[in-house]
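What follows draws every value from the coordinates through simple rules; no lab data is involved. Model, not experiment: these values are computed from the prediction. No Cβ is skipped: glycine too gets one built from the backbone with ideal geometry, and neighbour counts run over all protein chains shown.
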Number of protein chains: 2
Amino acid sequence: MNQKNITWHEGKVQKANRQHLNGHKSALLWFTGLSGSGKSTISVEVEKKLHELGLHTFRLDGDNIRRGLNRDLAFSEEDRTENIRRIGEVSKLFVDAGILTLAAFISPFKEDREFVRSLLSNEEFIEIYVQASIETCAGRDPKGLYEKVRKGELKNFSGIDSPYEIPESPEIVIDTENQSIDESVLRIVNHLKNKRLI
Amino acid sequence: MNQKNITWHEGKVQKANRQHLNGHKSALLWFTGLSGSGKSTISVEVEKKLHELGLHTFRLDGDNIRRGLNRDLAFSEEDRTENIRRIGEVSKLFVDAGILTLAAFISPFKEDREFVRSLLSNEEFIEIYVQASIETCAGRDPKGLYEKVRKGELKNFSGIDSPYEIPESPEIVIDTENQSIDESVLRIVNHLKNKRLI
C-alpha cells in the first residue's frame, strides 16, 4: 500500500492509514458454534499465532463483553439479538481501527450473523463455523452448562431447547472432532494469507 | 518493556503483549466540553499528530457511535448516561487492545465521566476539558444546533436548558478561546510524553 494514495478525508486518520501503519489489512474473524464446540479455544490460539507473526489483533468474547458493554443484557431472544448487534458494531470499529478482530460467540441465529456481515465489506467478514456434534459438546461441557441444562437450572440453551441455526455458507468450517487445534489454526491463518489480508 | 517479563495468562494475548508490539502504552484521552467548544477539532488533530508519530490510535465520536452502536439511544438523561456508559466500555476494550484511544463527547454529567474513569487505571484515563464560554460556542455553532435551540426545535441542550457539569480536576484544560489548535495539540502530546505513555 502506498501512503501517497491514501487520502486524508477531512484531515482525519482513516482505516487505510491505520492498516498502512500496521502493515496488514484488518478483518473480522467471526467464530460461531455450539457451547463446547471449541470456538473460544481455537480463537485464542489463532490470536496467539497472529500476534507471534507481529500482527495487530484483538479478541472479543463473553468474558470481556458480558461483564462490560453488555452487562445490561440477559438471555432472552431479544437480548441475544441485541448482544450480537452491539458486538457487531464494536467489531466494525475495531476493523476500522486496522485490527484483525476475533469474535467468539455462539451467535445461534442466522439473521444476527448476517447483520454483522452486512456491517463490513465482503473480504472483511470471515465466518468460521466451529463444528462439533451436540453430544460431543455436551461431553466436553467446559463450563458445566450442559449439566445445568440437564438439572433444569438453565433454559433457552442453544442446541437443546433453543435453536442453533447452522451457517449455510461460512468462509471456513472447522471440525473440532476430527481436526487438531494446530491444524485448525493453520487453516485459518492460511485463509488470511490466501486472501492477502496478512 | 521486556517481552520476557510479560506473562501469558491462560495462553491468551494480553494488553501488555499488544503494547509491546505497538511500542507504546495505551490510554483513553477523554475530551469533554460544550457543543462548539472545539473537542472534535482538537481530537482530530491530536490523532493525526499521534498517527504521524507512528503511534496506534483510534477515535470515537458521535459520527461512528451514534450511527452504529448507540443508534437505539435518544437524548433523554437516561439515554445519555447509557450512551456514555457504552462508550466507556468500548474505550476500555480499545485500551486493552493497546490503542491510544480518543473519545470526544459533550459528556455533561460528572457521574458519567467518573464511571468511565473508574473502568481504567489512573494513568490510563486522561480527562481533557475543552473550554470555551457558552457565548463563544453559540457563536461558532458548527452544527447549527444553537440556532435550533433558539428556534425551540431542540431541547435538553447541554449548557442551555440541560446542565453541563464542569470537570473539577481534569488532567488537562484546553482553552480554545485563547490557545491555537497547534498549541493545544502540542500540550496534549507533551502530556503523553511526560507521563511516558508514548
If you rank B:ASP182, B:ASP61, A:ASP141 by fewest surrounding Cβ atoms within 10 Å, what's the result?
B:ASP182, A:ASP141, B:ASP61
What does the copy distance list look like for A:GLU177, label position 7 Å along Cα→Cβ, in nm and ordered from shortest?
7.2
Check which residues have an amide H placed less than 5 Å from A:HIS56's amide H, if you skip close sequence neighbours.
A:LEU100
Expressed in Å to one decimal, the Kirkwood Rh of chain A from all distinct alpha-carbon pairs is 17.6 Å
Which residue in chain B puts its Cβ closest to the axis that rotates chain B onto chain A, and at what distance in whole Å?
B:VAL90, 3
Find how much the distance from B:GLU111 to B:ARG196 grows on full extension, using 0.36 nm per residue of separation minus their present alpha carbon separation; answer in nm with one decimal.
27.8 nm
Cα-based helix-to-principal-axis angle, B:39-52 vs chain B, degrees rounded to 10:
30 degrees
What trypsin sites (Lys or Arg not before Pro) in region B:28-115 are in a loop by DSSP, with at most 15 other Cβ atoms within 10 Å of the Cβ?
B:ARG71
Provide the gained length on full extension for the span B:GLU123 to B:SER162, in nm with one decimal, where the gain is 0.36 nm per separating residue minus the Cα-Cα distance.
10.9 nm
Least to most buried among A:GLU165, B:GLU124 (fewest other Cβ within 10 Å first):
A:GLU165, B:GLU124
List the distances, in nm to one decimal, from the label point of A:GLU153 to the label points of the same position in every other copy, shortest first, placing each label point 7 Å from Cα along the Cα-to-Cβ direction.
5.8
Determine the relative contact order of region A:65-154: mean sequence separation of Cα pairs under 8 Å and six or more apart, normalised by residue count, in whole percent.
19 percent
Relative contact order as a percentage, region A:3-194, C-alpha pairs under 8 Å and 6+ apart, gives 31 percent
Return the distance in nm (one decimal) between the two label points of a simple spin-label model at A:GLN14 and A:ILE134, each offset 7 Å from Cα along Cα→Cβ.
4.8 nm
Could you give me the ³J(HN,Hα) list for region A:160-172, computed from phi with Karplus coefficients 6.51, -1.76, 1.60 and θ = phi - 60°, whole Hz, x at Gly and Pro?
10, 10, 9, x, 10, 8, 5, x, 7, 9, x, 5, 9
Which of B:VAL149, B:VAL116, A:VAL173 has the fewest Cβ neighbours within 10 Å, and the rest in rising order:
A:VAL173, B:VAL149, B:VAL116
Place a label point 7 angstrom from the Cα of A:SER76 along the Cα-to-Cβ direction, then list the residues of region A:132-162 whose backbone nitrogen is under 15 Å away.
A:156
For A:93-99, mean number of other protein chain Cβ atoms within 10 Å:
6
Is it possible to state the helix-based mean residue ellipticity at 222 nm for chain A, with each DSSP H run of 4+ residues giving -39500 (n - 2.57), the sum divided by total residues, to the nearest 500 deg cm²/dmol? What is it?
-12000 deg cm²/dmol
Return a whole-number percent for the relative contact order of region A:22-108, with Cα pairs under 8 Å and 6 or more residues apart as the contact set.
55 percent
Taking the Cα atoms of the protein assembly as shown, report the difference between the largest and smallest coordinate on each principal axis, in whole Å and largest first.
67, 44, 38
